1. May I ask you to list the residues in region 125-142 that are within 22 Å of the chain's Cα centre (by Cα), open to solvent by 10 Å² or more (accessible area, probe 1.4 Å) and touching a residue at least 60 places away in the same chain (Cβ under 8 Å)?
2. Please give the helices (runs of 4 or more DSSP H) falling wholly within region 174-283 in which 1 or more residues are of a type in the set (A, V, I, L, M, F, W, C), under 30 Å from ALA324 (Cα atoms) and without any contact (Cβ under 8 Å) to a residue 12 or more places away in the chain.
3. Could you count how many residues in region 288-320 are in contact (Cβ under 8 Å) with a residue 60 or more places away in the chain and either outside any helix (DSSP H, G or I) or among the polar types (S, T, N, Q) (or both)?
4. Over 21 Å from LEU296 (Cα atoms), crowded, with 18+ Cβ neighbours inside 10 Å, polar (S, T, N, Q) and in contact with a helix residue (DSSP H, G or I) (Cβ under 9 Å, 6 or more places away or on another chain) - does that describe any residue in region 143-158?
5. Could you run through region 106-118 and say how many residues are part of a helix (DSSP H, G or I) and either of a type in the set (Asp, Glu) or closer than 13 Å to ALA64 by Cα (or both)?
6. Run down ALA22, ALA3, ALA93 and say which single residue is of a type in the set (A, V, I, L, M, F, W, C), surrounded by 17 or more Cβ atoms within 10 Å (Cβ to Cβ) and at pLDDT below 90.
7. Do you know which residues across region 33-58 are part of a helix (DSSP H, G or I), open to solvent by 80 Å² or more (accessible area, probe 1.4 Å) and not β-branched (Val, Ile, Thr)?
8. Could you tell me whether region 181-197 includes any residue that is closer than 22 Å to GLY227 by Cα, in contact with a Phe, Trp or Tyr (Cβ under 7 Å, 6 or more places away or on another chain) and modelled with pLDDT of 95 or more?
Amino acid sequence: MAAVVSLDGGRNKDGQGGAVPAANALDTLLALVGADFAKVDTEIRTRMVSDVPLIPELAGHIIASGGKRLRPVLLIAAARLCGYEGERHIRLAACVEFIHTATLLHDDVVDESALRRGRATANIVWGNQASVLVGDFLFSRSFQLMTQDGSLAVLSILSEASAIIAEGEVMQLTTANNLGTTEDNYLRVIAAKTAALFAAATRVGAVVAGRDAADEAVLHGYGRDLGIVFQLIDDVLDYQADEATLGKTVGDDFREGKITLPVILAYARGDSAEQAFWRRCLEQRDQHEGDLAAALALLAKYGTLAETVERARLYGEKARKALARFPDNDYRRALEGIIDFCIERAY
């Protein structure tokens, strides 16, 4: 199903319909920030350099693995939306990407993942120890970039986000294999482990532009809600995308016993036999051939994948409303379009 959305709510500036495919929203945003993004890419590659050859080799493997670099792109776009015309955002966008990449390296070790974006994960190629240590190197590089920027406000925002992300990962460990996890607890986890960096990236865009606290708060809210959208859809895709689209093995969350919103909803609505099935598969990790197909049938029976997408739409509307504070221009419309892009990945 090819969902069609408009970057400006379905209308051109003259009020006529101007729908474009949601998939083009990312291309639109990348075209707007292309010159800045090229500088960020150069900054990233320069800052990966080390006298220890394994560091740029391993870091380059994950950075070059086809990710969309959405977080640094959002920082650039937020700064430009706020009228910023300087260069500080280049270094800080690279900083955000290093934080994100470090968390990916650590996540793949914790989750024992074998694939990311269709390629073998760094922990499979180089081992867990190297992946963790290079992740630590990238975190350290990110803090060097923060301090070189010289803004205590920026340092506060990004260092706090780093701490919140770590807390979110620990929270996820406590909810893993625990079907007593509530929807509220699940949302707390994804708000920390995923949405916090989205929120920090867009807020920093306002800070470098010298905007007031109200604008900072609005862009922080936009980024947070967009990050929740992104993770909700990722959790849906784990059960319904093909591996070429997802870039990892479909059903990894099920095999790892991760408790995500589609499962929380299906477990709550299931009968005693269905709940026993979920407990065996996810809490006890006693899985047999055909269990993933049975899980998919239960998710379909209770419509929980579609319901999770609808939850994502609600957060997407919150993010869209936040942008109403800013003038209607190309950057605002592109940031609105990214909301649709994130949601329509599920179709």
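The values are calculated or read from the model by the stated rules, or taken from the named source; none is laboratory data. None of these values were measured; they are calculated from a predicted model. For neighbour counting, all protein chains shown are included, and Cβ atoms are generated from backbone atoms with ideal geometry for every residue, glycine included. To get the accessible areas, we keep the full protein, side chains included, count just its heavy atoms, and leave off ligands, DNA and RNA. Shrake-Rupley method; radii C 1.70, N 1.55, O 1.52, S 1.80 Å.
1. PHE137, ARG141
2. 213-240
3. Result for region 288-320: 1.
4. Residues of region 143-158 over 21 Å from LEU296 (Cα atoms): 143-158.
With the extra rule that they be crowded, with 18+ Cβ neighbours inside 10 Å, the set shrinks to 145-146, 149, 154, 157-158.
Still in the running and polar (S, T, N, Q): none.
No: zero hits.
5. Residues that pass the stated criteria total 3.
6. The conditions single out ALA22.
7. Residues satisfying the conditions are LYS39, ARG45, GLU57.
8. Going residue by residue through region 181-197, those that are closer than 22 Å to GLY227 by Cα are 181-197.
Next, only the ones that are in contact with a Phe, Trp or Tyr (Cβ under 7 Å, 6 or more places away or on another chain) stay: 194.
Next, only the ones that are modelled with pLDDT of 95 or more stay: 194.
Within region 181-197, one or more residues are closer than 22 Å to GLY227 by Cα, in contact with a Phe, Trp or Tyr (Cβ under 7 Å, 6 or more places away or on another chain) and modelled with pLDDT of 95 or more.
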